[in-house]
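The values are calculated or read from the model by the stated rules, or taken from the named source; none is laboratory data. If you're wondering where the values come from, they're calculated on a predicted model, not measured in any experiment. FYI the Cβ positions are ideal-geometry reconstructions off the backbone, even for glycines, and counts take in every protein chain you see.
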Amino acid sequence: MTFPSHDPSSHENPQRSSEEFADHQLLRAPHPQNHRLIPVTVHSVDYLTDTLLRIVVHAEELKSYALSGPDEFFGLLMPPPNQPFSSPEDFAATPIEGLNIRAAVAAMPPEVRPNLRWYTVRYLDKTRGLLAFDVATHGLNAQPTDASPHAEPSTDTPTGPGISWCLSAQPGDPAGLWTCQGLWHREHRKQLLVADPSSLPSVRAILEYLATLFPEQLADTHVIAVTSSDFDSEPHLEVWRNALGSLTKITAPSEGYAQAIAEHLANIVVESSRNQQHKLLPEVDYVWVAGEGDFCKMVRSHAIKTWRLNKDNILWCPYWFVGKARP
C-alpha cells in the first residue's frame, strides 16, 4: 500500500510503504529489536540546502530489513580516513548480536577503530537496498544549492569526527550501520510533535508514514519546528500546513532553542472543558519531542506541570546538548 507524499520534494524520496515497517499499525511503542551490524557503502551525497547534507548508504541486506518505526535511529560506524571498515565483531569474543556496541568499538585497536555516531533514518528504500539520513552541517563547508546558488563555503574546521566524516564522504566509501529502533507510536490520536533541526527528519518521516497509512490522523497532529534558519531543515515543510492540525515554525539561535520553546509554550492555552474560547492549540493526548537536551526537558516539564499530561504519554529523546560533543 502506498500513498503519494504531500511533500513536493518527494522526487528525492521514494514513496513510503507499509512494507518498510515490521509493524505498520504502530498502536504501541515499537518492541526492541535484535541489533545487528550491516556493512554499507555510501551510495550518494547531496546538499538539500546550503547546510543540510543527505547521505544515502547501500547494502543488499537492507532489502530485507524492516524499520520498527518512522523515527528509527541507528549507529553509524565510520572508519578512520583512508581505512577500510573493520567490524567490532572481528575483535570481540561475544557474538555481534550480544555486543555493547560502544564498549566493543572502544576495545578495537586505535588504528582501525571506527567513530560511532547516532543518526535517524530519513527513509528506507527496500527495493534498492538504500537508507538515507540527513546531517545539519552548521555552516561548515556550506555548499551552494539551486535555492541559494551564491552560498560561500565556511572556512571553519569541523571538530567532531561525525561531521568530519560526513563532509568528506564520497560514493563507495565503506561504513557500518548498527541497527536500533524507533520510539514513536500512534496509540494516541491527538499528538504534538516538537523538533529542532536534528530531529526534524524524524518528524518528516512520521508525517509521511501517517500520510501513507493513516491520513485521517494528520488533522489531529500538531508540529512545532524550531530552527536557526530555513536552511537547517529539508525544504517544503510548509506544504504540510493544510493537512495538519497546526504547524508552528520558530526561529532562534541553536543555543537558544530551549528559551524559544519555553516562551512559545507559555503562550499556548490547551483546550479543556472549562476553557475553549481562547485556545491556541487544541488538546493533545501525546507529546513527542526530540533534539537538544534542555529543549526536550523544557517541553516535557511544561507538558507535565502545565498541561497535566501523564508522564507515560510523553516521549522525550535528547539528541545533543549545547556545548557538549554530540554522542
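Just to check your reading of the model, which residue among 136, 107, 59 is touching an Asp or Glu at 6+ places or on another chain (Cβ under 8 Å) and small (Gly, Ala, Ser)?
Values: 107 fails: touching an Asp or Glu at 6+ places or on another chain (Cβ under 8 Å); 59 fails: touching an Asp or Glu at 6+ places or on another chain (Cβ under 8 Å).
It is 136.
Evaluate the following for residue 322: is it under 30 Å from residue 101 (Cα atoms), of a type in the set (Val, Ile, Thr) and modelled with pLDDT of 95 or more? So that I can check it myself, show each step before the final result.
Values: under 30 Å from residue 101 (Cα atoms): yes; of a type in the set (Val, Ile, Thr): yes; modelled with pLDDT of 95 or more: no.
The answer is no for residue 322.
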Which condition number in (1) under 25 Å from the mean Cα position of the chain (by Cα); (2) surrounded by fewer than 17 Cβ atoms within 10 Å (Cβ to Cβ) is the one that residue 90 fails?
-> (1)
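Does residue 239 fit the bill of being surrounded by fewer than 21 Cβ atoms within 10 Å (Cβ to Cβ) and either part of a helix (DSSP H, G or I) or among the hydroxyl-bearing types (Ser, Thr, Tyr) (or both)? Give the steps one after another, and end with the answer.
Numbers: surrounded by fewer than 21 Cβ atoms within 10 Å (Cβ to Cβ): yes; either part of a helix (DSSP H, G or I) or among the hydroxyl-bearing types (Ser, Thr, Tyr) (or both): yes.
Against the criterion (surrounded by fewer than 21 Cβ atoms within 10 Å (Cβ to Cβ) and either part of a helix (DSSP H, G or I) or among the hydroxyl-bearing types (Ser, Thr, Tyr) (or both)), residue 239 qualifies.
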Of all residues in region 114-128 being closer than 18 Å to residue 21 by Cβ and buried (at least 19 other Cβ atoms within 10 Å of the Cβ), the one that is farthest from the chain's Cα centre (by Cα) = 125
Looking at region 302-324, which of its residues are within 22 Å of residue 256 (Cα to Cα) and part of a loop (DSSP other than H, G, I, E, B)?
-> 306, 321, 322, 323, 324
Just one of (1) buried (at least 24 other Cβ atoms within 10 Å of the Cβ); (2) under 12 Å from the mean Cα position of the chain (by Cα); (3) over 23 Å from residue 53 (Cβ atoms) trips up residue 201, so point out which.
-> (3)
Scan region 71-113 for residues that are part of a loop (DSSP other than H, G, I, E, B), at pLDDT 90 or above and among the hydrophobic types (A, V, I, L, M, F, W, C) and report the count.
-> 3
Restricted to region 187-243, and to residues that are within 26 Å of residue 118 (Cα to Cα), in contact with a Gly (Cβ under 7 Å, 6 or more places away or on another chain) and hydroxyl-bearing (Ser, Thr, Tyr), which residue is modelled with the lowest pLDDT?
-> 198
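Kindly establish whether residue 34 is in a loop (DSSP other than H, G, I, E, B), in contact (Cβ under 8 Å) with a residue 60 or more places away in the chain and among the polar types (S, T, N, Q). Working first, answer last.
Details: in a loop (DSSP other than H, G, I, E, B): yes; in contact (Cβ under 8 Å) with a residue 60 or more places away in the chain: yes; among the polar types (S, T, N, Q): yes.
Yes; evaluated as a whole, the condition is true for this residue.
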Taking region 227-261 as the region of interest, how many residues are within 23 Å of residue 136 (Cα to Cα) and touching a His at 6+ places or on another chain (Cβ under 8 Å)?
-> 6
